[in-house]
């Protein structure tokens, strides 16, 4: 049974739709200000919406861990140390970075240059367009092609990459 009010689900869907629309249009991650503006909300109201749609789970930490009958300890003992990185997360990030770097090396030169200037030199699409003597929309297309190419490559290894 879902205890979350329908209005919260509606807000979550609206936020997700706006974020996707902005990211497709701009070719980059949407900022909070852009999403709030698109939803006709102030930044404070948007942050309130985010608080409302954030999933919550309630757990009694004093109860014995499920399935462990021999040790009557509490769930506090089984909580991960947030200061330590999960080794599987580190290994996953390392492998992901390796795959992305490998694919970037295989991209056409123009796509590689656009990605390098955008992500490593922190240039805006307009500035990159001036460097190459192209329009900003053409640079946006090249960037989008490169990102789509990388995502398609990653999907071969893990279909969950969107």
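The table below gives the values:
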| read-out | value |
| --- | --- |
| Neighbour-count ranking [beta-carbon atoms within 10 angstrom, fewest first] of 125, 96 | 96, 125 |
| Ranked 49, 3, criterion: other C-beta atoms within 10 Å, fewest first | 3, 49 |
| Distance (nanometres) between label positions extended 7 Å along Cα→Cβ at residue 101 and residue 17 | 4.2 |
| Ranking of 19, 150, 131 by count of other Cβ atoms within 10 Å, fewest first | 131, 19, 150 |
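Throughout, read-outs are computed from the coordinates displayed, never taken from laboratory work. Because the structure is a prediction, the values reported are computed rather than measured. Using ideal geometry, Cβ is built from the backbone for each residue, glycine included, and neighbour counts are taken over all protein chains shown.
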